[in-house]
């Protein structure tokens with residue numbers, strides 16, 4: 001094959017790949033992209049890593065966010081320079097610390113509950129959503145995501161030493177900054193935080209028949225509260 005023919009083949013392949021990405025994008029986004037205000041420039045967001053194992057410094061294209069559970073509409077918002085917002089969730093306000101405020105199945109199908117709990121800053125004692133929120137700046141949605149999408153491998157879900165009923169879950173949250181144009185922006189992971197959530201699956205006697213539930217959740221190696229960007233991840 002001549003050098004000129006090889007160069008033309010490479011160019012044709014690149015054009016075909018670009019055309020494929022454009023064809024895969026929603027029609028409304030494709031029509032709006034050339035004239036969308038804010039379709040170029042920097043965007044910033046955070047997301048829970050759902051098994052990709054990306055580390056600080058990793059790069060990807062904005063168009064690839066669908067692999068992390070990001071909706072097409074949220075990708076379009078980011079492509080147009082609009083900040084995508086976390087999915088709205090409802091949290092019940094209950095009267096007692098043992099009232100259940102959230103219930104779901106974790107990665108392996110185990111029933112998991114979050115109780116309202118309490119937190120006493122003077123004694124630094126507590127459990128449940130009140131402690132998770134007030135002490136560690138995390139939400140019910142963040143804890144759910146940690147137990148539903150723990151990191152791959154044995155440290156993603158492991159029993160607490162000396163316990164047969166309590167498990168620790170770990171997952172990474174990525175702080176991302178992107179630059180460029182539309183869905184072809186290049187995104188870079190600028191910071192990573194690991195969330196650890198502790199869940200006690202023991203069913204207390206004379207209770208409601210459900211487990212004790214989430215005891216706590218926090219950012220590892222982070223004194224004090226988790227950064228706001230952790231609880232504002234766009235895929236929880």
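The values are calculated or read from the model by the stated rules, or taken from the named source; none is laboratory data. Since the model is a prediction, treat every value here as computed from it, not as a measurement. All Cβ positions, glycine included, derive from the backbone under ideal geometry; neighbour counts span all protein chains shown.
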Inset, instruction - Could you please find all residues in the range 217-236 being within 18 Å of residue 130 (Cβ to Cβ) and more than 16 Å from the chain's Cα centre (by Cα)? - result: 224, 225
Inset, instruction - Looking only at the range 113-133, decide whether some residue is surrounded by fewer than 19 Cβ atoms within 10 Å (Cβ to Cβ) and closer than 15 Å to residue 230 by Cα. - result: no
Inset, instruction - Return yes or no: is residue 167 under 15 Å from residue 218 (Cβ atoms) and either free of Cβ contacts under 8 Å to residues at least 40 places away in the same chain or within 17 Å of the chain's Cα centre (by Cα) (or both)? - result: no
Inset, instruction - Please work out which residue is modelled with the highest pLDDT, limiting yourself to the range 98-109 and to residues that are part of a loop (DSSP other than H, G, I, E, B) and more than 20 Å from the chain's Cα centre (by Cα). - result: 99
Inset, instruction - From 118, 149, grab the single residue that is closer than 18 Å to residue 51 by Cβ and touching a strand residue (DSSP E or B) at 6+ places or on another chain (Cβ under 9 Å). - result: 149
Inset, instruction - Among the residues of the range 134-175, write down those that are surrounded by 23 or more Cβ atoms within 10 Å (Cβ to Cβ), touching a helix residue (DSSP H, G or I) at 6+ places or on another chain (Cβ under 9 Å) and within 17 Å of residue 67 (Cα to Cα). - result: 150, 171, 173, 174
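Within the range 60-72, is there a residue that is assigned to a helix (DSSP H, G or I), touching a strand residue (DSSP E or B) at 6+ places or on another chain (Cβ under 6 Å), more than 20 Å from residue 168 (Cα to Cα) and modelled with pLDDT of 90 or more? Quick ask: steps written out before the conclusion?
Here is the first cut: in the range 60-72, the residues assigned to a helix (DSSP H, G or I) are 62-68, 72.
Pick out the ones that are also touching a strand residue (DSSP E or B) at 6+ places or on another chain (Cβ under 6 Å) and you get 62, 68.
Within this subset, residues satisfying the condition of being more than 20 Å from residue 168 (Cα to Cα) are 62, 68.
Imposing the further condition that a residue be modelled with pLDDT of 90 or more reduces the set to 62.
Looking for residues that are assigned to a helix (DSSP H, G or I), touching a strand residue (DSSP E or B) at 6+ places or on another chain (Cβ under 6 Å), more than 20 Å from residue 168 (Cα to Cα) and modelled with pLDDT of 90 or more, one finds at least one in the range 60-72, hence yes.
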